[in-house]
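Bear in mind these aren't lab numbers, they're just calculated from the coordinates by the rules spelled out. Just so it is clear, the model here is predicted, and its values are computed rather than measured. We place every Cβ from the backbone using ideal geometry, glycine too, and count neighbours over all the protein chains shown.
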Amino acid sequence: MGSLAVLVKQGWLRGTLVKSVIGDSYISFKGIPFAAPPVGKLRFADPQPPQSWEGIREAMQEEPKCPQFDPFLKKIVGDEDCLYLNVASKSLEGSRPVMVWIHGGAFILGSSSYEIYSPDYLMKADIVFVSINYRVGPFGFFQLDHPAAPGNVGLKDQIAALKWVKENIARFGGDPNNVTIFGESAGGASVHYLLLSPLARGLFHKAILQSGVAFNPWASAPSPVETAHRFVAALGKETTDPREIVDYLRTIPASKLVEAQTTIHTVEEKLQLTFPFHPNVDDKSQEPVIPRPVRELAKEAADVPTIIGYNSHEGMVFLFDLTDETLALVDKNFEKTLPPHMVAEAPSRLLELANEFRRFHFGDLEVSQDTLDSYIQCYGNMQFVQGIHEVVEMDRTRKKSPTYLYKFTFDSPKSLQKFLRKDERKGTAHADDLPYIFYASRGGLTGKHEIGSAEKIVSDRFVRMWTDFARTGNPTPEIDDLITVRWEPVTKEKKHYLEIDADLSTGVNPDEKLCEFSNRVSQIVDDAER
């Protein structure tokens with residue numbers, strides 16, 4: 001069969017030897033089906049096993065991403081037949097740590113494509129890399145709180161991919177008993193959902209959550225059934241019968257479903273920075289991924305070594321398409337920006353909570369172009385940082401295995417957000433960590449880091465710490481010229497963290513004032529519930 005052919009459960013695959021951008025080479029397999037195409041009657045259904053094939057299947061090209069609106073191309077792209085994964089390995093012999101990447105994209109877009117997530121930098125560390133697609137938007141997260149459409153099939157796709165890895169990765173030189181799942185933004189939140197889900201137990205052994213957790217307001221859908229009814233009405237059908245809705249939606253072209261999700265996006269959802277279709281409790285499913293509310297499940301989440309962290313200016317991502325009109329709306333209706341779970345839990349204290357958030361971030365100033373730095377921190381804290389600290393606080397008291405907390409503050413003039421927004425504003429934005437872990441070839445997104453540059457050193461550090469963690473469960477097992485400090489896990493007594501800047505430094509209690517503020521807000525919510 002030749003050295004680049006692998007026999008998986010469904011049949012033979014042929015990969016290809018590719019040269020990485022840093023000069024060495026690795027074996028690449030792309031477009032491997034891990035589930036049956038979720039089309040026709042399988043739209044909104046749990047992923048089904050992939051079919052076998054005869055002969056050798058060429059695994060040299062990526063398959064389509066899930067249907068979605070591409071903000072770069074300004075058009076709808078993708079195909080419902082999208083449940084494929086990619087594997088990269090230095091050798092098909094041996095048994096190396098496996099790292100499974102789950103892409104971000106707010107649960108409405110994104111893919112595993114090497115155009116953005118090429119593993120060239122990671123491959124020098126001799127791990128086996130897997131990147132997976134999963135259904136997004138209505139295809140992955142349409143929910144009626146009914147067996148006809150219980151929701152979360154996008155998360156079930158991720159679980160199906162992990163089952164495929166467990167079953168087949170040894171053939172690619174990977175160790176099925178040493179699997180690290182990692183992801184950023186909605187990928188980080190997905191990793192957290194998998195830590196919480198009883199269905200994912202035993203399918204991975206370590207986890208890395210970058211800038212996203214299930215506690216973040218955008219990571220769940222506040223009222224999925226009401227959203228589903230608005231959605232089907234926008235597509236021309238007035239009914240609340242679950243089976244009728246599902247049968248009808250299965251007749252609509254995929255592109256129309258993508259289009260419709262933008263038309264039902266309400267002003268409130270835009271102010272809260274949430275989207276219509278996201279994960280939620282799916283207790284009407286025969287096999288629920290999230291059988292109970294996430295804060296309940298978190299008390300008994302998988303106890304595995306974890307890295308978790310965030311960037312210093314996460315909220316910069318919300319400057320895209322920000323208008324004076326939106327700023328004025330936020331200024332006049334600040335209570336409408338509050339996370340949906342707060343609105344649900346403390347309706348009688350909304351104005352008080354809004355005033356707390358406003359005073360902490362803006363003082364007495366208006367929300368306007370003049371206070372954009374405060375806007376960035378307010379939305380970054382509300383949408384990302386507070387939820388991440390909440391997870392860390394729970395882990396400190398609950399877990400036996402280590403949790404490593406980081407804050408990424410390296411502010412490069414060549415950063416991803418500065419490139420995308422053509423803006424020199426200072427700060428380490430949401431997704432600015434990605435080009436240090438992956439090579440991105442799409443549209444000149446990021447070039448290769450120059451040898452000797454601060455960017456190259458930061459990239460080498462990320463790759464070394466992330467892959468050492470995948471190998472050993474400890475991100476800094478050896479101190480040397482590159483890794484200059486020992487990264488301590490958080491403990492009950494001390495909230496240790498690593499600051500990743502041009503240099504590495506350690507400390508305790510990052511963003512302490514914000515954490516004190518969060519405790520104050522939680523107290524108001526708790527008092528309202530009594």
Can you sort S20, S28, S453 so the residue with the fewest Cβ neighbours within 10 Å comes first? S453, S20, S28
Can you give the Kirkwood hydrodynamic radius of region 5-304 from its Cα pairs, in Å with one decimal? 19.5 Å
Give me R292, R201 ranked fewest to most by other Cβ atoms within 10 Å of their Cβ, as a rough exposure proxy. R201, R292
State, to one decimal in nm², a quarter of the convex hull surface area for the C-alpha atoms of region 168-220, i.e. the direction-averaged projected area. 4.0 nm²
May I ask which residue of T16, I56, L416 lies farthest towards the positive end of the charge dipole of the chain, with charges of +1 (Lys, Arg) and -1 (Asp, Glu) on Cβ and the Cα centre as origin? I56
Here the percent of antiparallel bridges among DSSP beta bridges lying wholly in region 5-304, to the nearest 5, is 50 percent
Rounded to whole angstroms and listed largest first, the alpha-carbon spread of the chain along its three principal axes comes to 69, 62, 44
Using a Förster radius of 45 Å, what is the FRET efficiency between N519 and A454 based on their Cβ-Cβ separation? Nearest 0.05, please. 0.80
Using only the C-alpha atoms of region 216-339, find the volume of their convex hull and express it per residue in Å³. 173 Å³
If pairing requires two Cys Cβ atoms under 4.7 Å apart, which cysteines of the chain are left without a partner? C378, C515
Taking amide hydrogens as modeled 1.01 Å from N in the peptide plane, which residues meet the under 5 Å criterion relative to N178, leaving out close sequence neighbours? V98
Suppose each label sits 7 Å from its Cα in the direction of the beta carbon; what would the T240-T323 distance come out to in nanometres? 3.4 nm
Need the C-alpha centroid separation for region 187-217 versus region 462-521, integer Å. 19 Å
For I76, other-chain or 5+-apart residues with amide H closer than 5 Å (H placed, Pro excluded) are D70
Might you report the magnitude of the Cβ-based charge dipole of region 199-289 about its Cα centre, with Lys and Arg at +1 and Asp and Glu at -1, to the nearest 20 debye? 320 debye
Which helices of the chain meet both criteria: a Cα extent of 24 Å or more along the helical axis and a mean Kyte-Doolittle score no lower than -1.0, with helices taken as whole DSSP H segments? 454-472, 512-529
Return a whole-number percent for the relative contact order of the chain, with Cα pairs under 8 Å and 6 or more residues apart as the contact set. 13 percent
When the charge dipole of region 5-304 is computed with +1 at the Cβ of Lys and Arg and -1 at the Cβ of Asp and Glu, the Cα pointing farthest to the positive end, of C82, H229, V294, is that of C82
Space enclosed by the convex hull of the alpha-carbon atoms of region 381-519, per residue, Å³: 129 Å³
Could you derive backbone 3J(HN,Hα) for region 268-278 from the dihedral phi with the Karplus parameters 6.51, -1.76 and 1.60 (θ = phi - 60°), listing whole Hz in sequence and x where the residue is Gly or Pro? 4, 4, 5, 5, 7, 6, 10, 10, x, 10, 8
Quick check for me: using +1 on Lys/Arg Cβ and -1 on Asp/Glu Cβ, what's the dipole size of the chain about its Cα centre, in debye to the nearest 20? 1300 debye
If I model a spin label at E335 and A502 as a point 7 Å from the Cα along the Cα→Cβ vector, what separation in nanometres do I get? 4.7 nm
